[in-house]
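A short reminder: the numbers here are calculations on the coordinates, not readings from a lab. Only a predicted model underlies this, so the values are computations on that prediction, with no experimental measurement involved. Every residue, glycine as well, gets a Cβ built from its backbone with ideal geometry; the counts of neighbours run over all protein chains shown.
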Amino acid sequence: KKRNPGESEFHQAVFEVAASVIPYIQDNPRYRDAAILQRMTEPDRTIVFRVVWEDDDGNIRVNRGYRVQFNNAIGPYKGGLRFHPSVNLSILKFLGFEQTFKNSLTTLPMGAGKGGADFNPKGKSDREVMRFCQSFMTELWTHIGADVDIPAGDIGVGAREISYMFGQYKRLAKEFTGVLTGKALEFGGSLIRTEATGYGNAFFMQEMLAHRGEGMKDKTCVVSGSGNVAIYCAEKIRQLGGKVVTLSDSSGFIHDPNGIDESKLEWVKDLKVKRRGRISEYAEMFGCEFHEGKPWGVPCDLAFPCATQNELCTEGVSQLIANGCMAVSEGANMPTTVEAIDMLAEAGVMYGPGKAANAGGVAVSGLEMTQNSIRLAWTAEELESRLEQIMVGIHRQCVQYGQEGDHVNYVKGANIAGFLKVADAMLAYGVI
Ligand code: NDP
């Protein structure tokens with residue numbers, strides 16, 4: 001904390017990992033003696049830069065851009081870019097640190113990074129977003145490359161922003177390589193990438209349930225968020241037989257007791273992706289309730305936090321437990337606070353941490369890199385089947401390192417399994 005003052009989100013992420021990894025390295029002193037965990041908490045480097053752009057009224061605007069290259073022990077840096085006014089170094093370091101473990105769990109050769117800017121795309125015109133993205137990439141491009149660092153999307157960075165940034169990279173570098181993932185299909189994107197994080201989260205929940213002899217069929221599910229992760233998590237839950245009754249955004253949540261079916265979800269995709277509207281419009285459209293706040297008080301069997309960090313606190317977990325919720329699987333990164341995670345464990349609620357449960361997105365990004373390298377495109381069926389197998393594999397690793405009697409500690413399992421591959425590579429490189 002002394003070395004990284006004021007970085008509360010970063011402290012929270014390191015604390016959570018250290019709580020499971022430190023007891024493990026006490027029993028395996030070669031990691032302790034080589035100070036591997038201390039080395040893993042320090043990013044390889046952090047790049048901070050000015051982004052200047054002009055809005056539609058001719059005003060000059062200044063934002064701050066970042067890329068945190070966290071760890072490339074097992075592959076080139078890989079992780080998303082977030083455009084949101086809350087972006088700061090603490091948030092990007094927590095995300096980059098988590099990414100180290102997540103990418104390792106996928107079994108694909110990817111190191112970890114994260115970046116973004118304190119730019120708010122909300123309310124900006126397409127041309128303003130384009131000018132911002134071009135200015136952002138004009139600085140970033142010298143630091144990235146298909147074998148160096150491959151950014152992707154995250155909050156506020158979807159297909160539109162990736163396209164503007166890829167166009168600018170291509171222009172500056174004078175090369176066409178797979179330097180960003182989440183690209184459109186016409187220029188090297190992968191099928192299933194848009195769906196991957198949400199689908200993967202639903203697959204992970206399915207695995208946790210199956211491990212207890214349960215299934216998704218007829219389970220009532222609460223999903224938060226209404227962005228990329230939430231929408232496709234809801235879609236796959238439905239396909240697996242569950243009923244999704246909520247979606248949310250930063251203004252509040254809708255509660256549709258009849259369930260959000262396929263045609264309603266198509267309407268939400270149009271609302272959020274094309275029209276960039278608010279989820280409250282769903283309540284007007286389909287005649288259900290809209291409330292301010294978070295959806296955790298809605299009775300459910302399963303909960304899927306898919307919006308942002310620290311959105312599920314002790315109050316929300318008390319409501320979930322009181323209503324008999326049996327499992328939580330995180331689509332977002334670190335949506336559950338440390339105290340709330342402890343409450344879930346005490347109540348015996350299964351809990352899939354984001355670094356395991358939402359790894360499907362980066363996994364399919366890894367498969368996008370593979371397809372770019374071999375200059376071939378796989379079919380949606382092939383990719384979805386690979387995604388499902390990767391999620392099954394991540395669940396298996398969590399069980400291998402997290403089984404405690406008849407219960408699986410998924411936090412411990414994910415942290416230790418993710419740690420080991422990176423730690424062994426770092427040990428092999430010697431003191432660097
Ligand atoms: P989007 O920008 O598509 O959607 C984000 C959603 O979360 C929106 O509904 C947004 O509402 C809501 N939200 C954002 N900030 C807040 C806040 N402070 N309070 C309440 N609601 C908020 O992002 P994604 O769906 O891509 O990402 C969601 C989460 O999943 C993030 O934690 C991200 O890091 C994580 N993730 C994403 C991956 C991906 O492939 N996209 C991969 C792995 C993890 P509003 O529109 O009102 O802001």
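The packing ranking of peptides 231-237, 359-365, highest mean first, is 359-365, 231-237, where packing means the average number of other beta carbon atoms within 10 angstrom of each residue. Simple rule: put +1 on each Lys or Arg Cβ and -1 on each Asp or Glu Cβ in the chain, find the dipole, and look at 286, 399, 4; the Cα lying farthest toward the positive end is 4.
Across the range 195-357, Cα-Cα pairs farther apart than 28 Å form 11% of the total.
Which whole-number percentage describes the relative contact order of the range 136-185, with Cα contacts under 8 Å and a sequence gap of 6 or more?
Worked out over the range 136-185, it gives 49 percent.
Beta bridges per DSSP, both residues in the range 195-357: antiparallel share near 35 percent. Say we join alpha carbon atoms closer than 10 Å with springs in a Gaussian network model of the chain; which of 181, 100, 220 then has the biggest fluctuation? Largest GNM mean-square fluctuation: 220.
Rounded to the nearest 20, the size of the Cβ-charge dipole of the chain about its Cα centre is 1220 debye, with Lys and Arg at +1 and Asp and Glu at -1. Here is the list for the range 1-87: trypsin sites (Lys or Arg not before Pro) lying in DSSP coil, each with at most 10 other C-beta atoms within 10 angstrom of its C-beta, are 2, 3.
Can you give the % of DSSP beta bridges in the chain that are antiparallel, to the nearest 5?
Details: 27 of 46 bridges.
Percentage antiparallel, nearest 5: 60.
Strictly over 23 Å apart at the Cα level, which of 170/421; 272/294; 102/272; 243/272; 170/274; 236/355 would you flag in this model? Write out the running numbers ahead of the final one.
Details: 170/421 33 Å; 272/294 18 Å; 102/272 27 Å; 243/272 21 Å; 170/274 26 Å; 236/355 19 Å.
Listed pairs above 23 Å: 170/421; 102/272; 170/274.
The alpha-carbon positions of the chain define a convex hull whose volume is 140 Å³ per residue.
When only Cα pairs below 8 angstrom with a gap of at least 6 residues are kept, the chain shows a relative contact order of 16 percent. Mean-square fluctuations from a GNM of the chain, with a 10 angstrom spring cutoff on Cα atoms, peak among 209, 387, 302 at 209. Sequentially through the range 247-252, phi angles give Karplus couplings (6.51, -1.76, 1.60; θ = phi - 60°) of 8, 8, 8, 6, 8, x Hz, Gly and Pro residues having no value and appearing as x. Note on residue 174: lysines with a C-alpha under 18 Å away, same-chain residues under 8 apart excluded, are 183.
Placing unit charges on the Cβ atoms of the charged side chains and taking the dipole of the chain about its Cα centre, the candidate lying farthest along the positive direction among 142, 307, 354 is 142.
For the range 165-219, the set of trypsin sites (Lys or Arg not before Pro) satisfying both a DSSP loop assignment and a count of at most 15 other C-beta atoms within 10 Å is given as 174, 212, 217. Only helices reaching 20 angstrom along their own axis (Cα) with mean Kyte-Doolittle hydropathy no lower than 0.5 count here, and for the DSSP H runs of the chain these are 410-429.
Between the range 94-168 and the range 45-93, the C-alpha centres lie 8 angstrom from each other. For the options 117, 345, 13, a Gaussian network treatment of the chain with springs between C-alpha atoms closer than 10 Å singles out 345 as fluctuating the most. Rounded if a/c is under 1.5, else prolate if a/b beats b/c, else oblate: with a ≥ b ≥ c from the C-alpha gyration tensor eigenvalues square-rooted, which is the range 276-432? Judged from the Cα gyration tensor, the range 276-432 comes out oblate (a/c at least 1.5, b/c at or above a/b).
Using the Cα centre of the range 43-176 as the reference point, and only Cβ charges (+1 on K/R, -1 on D/E), how large is the resulting charge dipole? Debye, rounded to the nearest 20. Kindly include the intermediate steps, with their values, before the conclusion.
Details: 18 positive and 15 negative charges, 28 e Å.
Charge dipole of the range 43-176: 140 debye, to the nearest 20.
Comparing Cα centroids, the range 369-391 and the range 197-247 end up 22 angstrom apart.
When the dipole is taken about the Cα centre of the range 214-325, and only Lys, Arg (+1) and Asp, Glu (-1) are charged at their Cβ, what size is it in debye, to the nearest 20? Numbers along the way, then the final one.
On the way: 13 positive and 16 negative charges, 67 e Å.
Using only the charged Cβ atoms, the result is roughly 320 debye.
The residue among 409, 329, 176 whose Cα reaches farthest toward the positive pole of the charge dipole of the chain, with charges on the beta-carbon of Lys, Arg, Asp and Glu, is 176. Take the Cα of residue 175, step 7 Å toward its Cβ, do the same at residue 318, and the gap between the two points is 5.6 nm. With the Cα gyration tensor of the range 43-176 giving a ≥ b ≥ c as the square roots of its eigenvalues, does the rule (a/c under 1.5 for rounded; else a/b larger than b/c for prolate; else oblate) give rounded, prolate or oblate? Cα axes put the range 43-176 in the prolate bin.
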